[in-house]
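*Asks:* Take a look at the following structure, please.
The values are calculated or read from the model by the stated rules, or taken from the named source; none is laboratory data. Keep in mind that this is a model prediction, so the values were computed, not measured. Here the Cβ is made from the backbone with ideal geometry for all residues, glycine too, and neighbour counts use every protein chain on show.
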Amino acid sequence: MVFNPELLFSMGEIKATFKQILDGLSYIHARKVLHRDLKGSNVLVNVRGVVKITDFGLARDTWADCRLTNKVVSHWYKAPELLLGDTSYGAGIDMWSAGCMLAEMVVRHPLFLGQTDQAVLYLISDLCGSITTEV
């Protein structure tokens, strides 16, 4: 699902595609696995609209109580906690990436188009407000 400005999704197609992405995430998260690199190019959609999540090269199980690296996920889809250096994160990072993909399908361009972690963090803060410990 690499962004293609020529590809037009109807709202129904966006909903159906996103539901399948969420179902896939629910499946892997229920098995205590984090994908950690969810982005459009790691989601395949066939001609019948069936979605497959691919590229589990950075995936990790969360059974072990260990620290994880924050050097995962492409800049445009990286959750704020990763951008801030957190190493004890959970399924929320995959959910953030999925939300970024949903926004990209709706607005037809990546939401946080930064080339560095700092640039993405600035764009997130600009859109969502300042990041505080409460948030």
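*Asks:* For the condition over 11 Å from the mean Cα position of the chain (by Cα) and part of a strand (DSSP E or B), what is the one hit in Lys52, Lys19?
*Replies:* When all the criteria are applied, what remains is Lys52.
*Asks:* Any residue at all in segment 32-40 that is buried (at least 19 other Cβ atoms within 10 Å of the Cβ), of a type in the set (A, V, I, L, M, F, W, C), assigned to a helix (DSSP H, G or I) and in contact with a Lys or Arg (Cβ under 9 Å, 6 or more places away or on another chain)?
*Replies:* no
*Asks:* Please determine, by comparing only the residues of segment 20-45 that are polar (S, T, N, Q) and out of contact with any strand residue (DSSP E or B) (no Cβ under 8 Å at 6 or more places or on another chain), which one is modelled with the highest pLDDT.
*Replies:* The extreme case among them is Ser26.
*Asks:* Within segment 91-129, work out how many residues are surrounded by 14 or more Cβ atoms within 10 Å (Cβ to Cβ) and in a loop (DSSP other than H, G, I, E, B).
*Replies:* Of the residues in segment 91-129, 5 are surrounded by 14 or more Cβ atoms within 10 Å (Cβ to Cβ) and in a loop (DSSP other than H, G, I, E, B).
*Asks:* Could you please tell me which pairs satisfy a Cβ distance under 9 Å, a separation of 6+ or placement on different chains, a first residue in segment 104-115 that is under 20 Å from Thr17 (Cβ atoms), and a second residue that is of a type in the set (Asp, Glu)?
*Replies:* Close Cβ pairs (under 9 Å, with a partner that is of a type in the set (Asp, Glu)) amount to Met105/Glu13; Pro110/Glu104; Leu111/Glu104.
*Asks:* Could I ask something else about it? Just to be sure before I move on: is Gly49 in contact (Cβ under 8 Å) with a residue 12 or more places away in the chain and small (Gly, Ala, Ser) in the structure I sent?
*Replies:* Yes; evaluated as a whole, the condition is true for this residue.
*Asks:* Take the conditions exposed (fewer than 10 other Cβ atoms within 10 Å of the Cβ), closer than 28 Å to Leu83 by Cβ and at pLDDT below 95 and apply them to Ala64. Does it pass?
*Replies:* For Ala64, the condition - exposed (fewer than 10 other Cβ atoms within 10 Å of the Cβ), closer than 28 Å to Leu83 by Cβ and at pLDDT below 95 - is met.
So that you can scan it fast, the table gives a plain yes or no per residue for (1) out of contact with any helix residue (DSSP H, G or I) (no Cβ under 8 Å at 6 or more places or on another chain); (2) among the charged types (D, E, K, R):
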| site | (1), (2) |
| --- | --- |
| Leu22 | no, no |
| His35 | no, no |
| Lys39 | no, yes |
| Val43 | no, no |
| Asn46 | yes, no |
| Gly49 | no, no |
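*Asks:* Related question: Looking only at segment 8-18, which residues are modelled with pLDDT under 90 and either surrounded by 11 or more Cβ atoms within 10 Å (Cβ to Cβ) or touching a Pro at 6+ places or on another chain (Cβ under 6 Å) (or both)?
*Replies:* Phe9
*Asks:* Another question, then. Residues that are at pLDDT 90 or above, part of a loop (DSSP other than H, G, I, E, B) and in contact with a helix residue (DSSP H, G or I) (Cβ under 7 Å, 6 or more places away or on another chain): does segment 69-82 have at least one?
*Replies:* Yes - at least one qualifying residue is present in segment 69-82.
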